Amino acid sequence: MEDHLPQRVRVERRAVTEAESRHANGPDWDRYADEYQATHGDFLGDTGFVWGPEGLREEDAGVLGDVAGKDVLELGSGAGQCSRWVRVRGGRSFGLDLSLRQLQHSRRIDDESGVVVPSVLATATQVPYAEAAFDVVFCSFGALQFVADLEQCLAEVARVLRPGGRFAFSVTHPTRWSFPDDPSEAGLTATSSYWDRTPYVEIDDASGQVAYVEHHRTLGDWVALLAPRFRIVALLEPEWPEGHDRVWGGWSRVRGRLTPGTAIVAADLV
Ligand SMILES: C[S@@+](CC[C@H](N)C(=O)[O-])C[C@H]1O[C@@H](n2cnc3c(N)ncnc32)[C@H](O)[C@@H]1O
């Protein structure tokens, strides 16, 4: 439920496979990347690390711990802003994203900022790195809510992390799935079940193909999915800050002062 609807689509809730999700979301992010970076680039900052639309920054959250000297992988890295923040602090960060256009923006900002994030075009369910290659894996509103096969994704995270390594991610707060994706008062009335995991799907009118997908997991699902491999060390639910009036898709002061919009989880590989 991003802040865009590509060309002419109809919205459905229906089951979709991992392949359908990937084949839809890569091209969707290619189409949307220019607008995304033009709209949100200044807020993100070329070397900034923002966990979500509330604007919570990693320097304040401290979810990753000290990254200096660490090997760090970002899943769904987009234009690499967060990974660049890690680089500036002495970490060896690498980006991974499904969208070539997002990675082209990453190269552009590498050149403009002089802080280079080596990045790879790949999916978070098939990570092209050796096992135990990283001390930290993180994802700021990146791949996790776009993959159908989250178990496979988490298995990949566990595979490339070193023992005791930190995994941290932000996603749309699961409770938001009960509400319409609307930043106004209309987005404050629950209209669907929190426990309905049926994915949000946009179907392109012209081709009939799946054009965009998001997947929902409840908080209990996240705990159950992480528990076999990770020890959860933090769950942050950032409050909407005073004086922050920026609207980002369905995230706004109107809703943010009453209900959480972002969940940030930190967990260590056991
Ligand atoms: C909301 S953007 C977040 C990007 C960046 N973290 C930021 O804060 O701007 C989501 C990103 O996830 C990427 N993505 C979606 N599905 C993915 C997948 N299966 N594997 C890797 N990246 C994926 C998209 O291409 C997009 O760049």
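Read the figures in this text as sums done on the coordinates, not as results from a lab. The shown structure was predicted, so the numbers you read here are calculated from the model rather than taken from an experiment. FYI the Cβ positions are ideal-geometry reconstructions off the backbone, even for glycines, and counts take in every protein chain you see.
With a cut-off of 18 Å, note down the residues of region 227-247 whose backbone N falls inside the zone around a label point 7 Å from the Cα of residue 194 toward its beta carbon. Only 235-239 pass the distance filter. At an R0 of 41 angstrom, the distance between the Cβ atoms of residue 175 and residue 155 translates into a FRET efficiency of 0.95. Max-minus-min Cα coordinates of the chain on each principal axis give 46, 39, 36 Å, with the largest extent listed first.
For region 44-137, GluC sites (Glu not before Pro) are listed when DSSP marks them as loop and at most 16 other Cβ atoms sit within 10 Å of their Cβ; the list is 131. Net charge of the neighbourhood of residue 140, taken over other residues with C-beta under 9 Å away and scored Lys/Arg +1, Asp/Glu -1, is -2.
Dipole magnitude of region 1-158 about its Cα centre, charges +1 at Lys/Arg Cβ and -1 at Asp/Glu Cβ only, in debye to the nearest 20?
My answer is approximately 260 debye.
For region 28-34, putting each phi into the Karplus relation 6.51 cos²θ - 1.76 cosθ + 1.60 with θ = phi - 60° gives couplings of 4, 5, 4, 5, 8, 4, 4 Hz, in residue order, rounded to whole numbers and with x for Gly and Pro. The magnitude of the dipole of region 136-270, with charges of +1 and -1 set on the Cβ of Lys/Arg and Asp/Glu and taken from the Cα centre, is near 640 debye.
Can you give the angle from 0 to 90° between the axis of helix 150-160 and the longest principal axis of the chain, with both taken from C-alpha atoms, to the nearest 10? Compared with the principal axis, the helix lies near 10 degrees.
Electrostatic bookkeeping for residue 120 treats Lys and Arg as +1 and Asp and Glu as -1; over the other residues with beta carbon under 11 Å from its beta carbon, the sum is -2. Per-residue Cβ neighbour counts within 10 Å put 85, 248 in the sequence 248, 85, beginning with the fewest.
Basic side chains Lys and Arg get +1 at the Cβ, acidic Asp and Glu get -1 at the Cβ, and with that the dipole of the chain about its Cα centre reaches some 520 debye. Evaluated over the Cα positions of region 31-145, the convex hull gives a direction-averaged projected area, one quarter of its surface, of 6.8 nm². Using the Cβ-Cβ distance between residue 257 and residue 116 with R0 = 41 Å, the FRET efficiency computed as 1/(1 + (r/R0)^6) comes to roughly 0.55. Here the contact order of region 102-175, divided by its residue count and restricted to Cα pairs under 8 Å and six or more residues apart, works out to 34 percent. Is the C-alpha gyration tensor of region 157-222 telling us rounded, prolate or oblate? Criteria: a/c under 1.5 is rounded; beyond that, a/b larger than b/c is prolate, otherwise oblate. Note, shape of region 157-222 comes out oblate.
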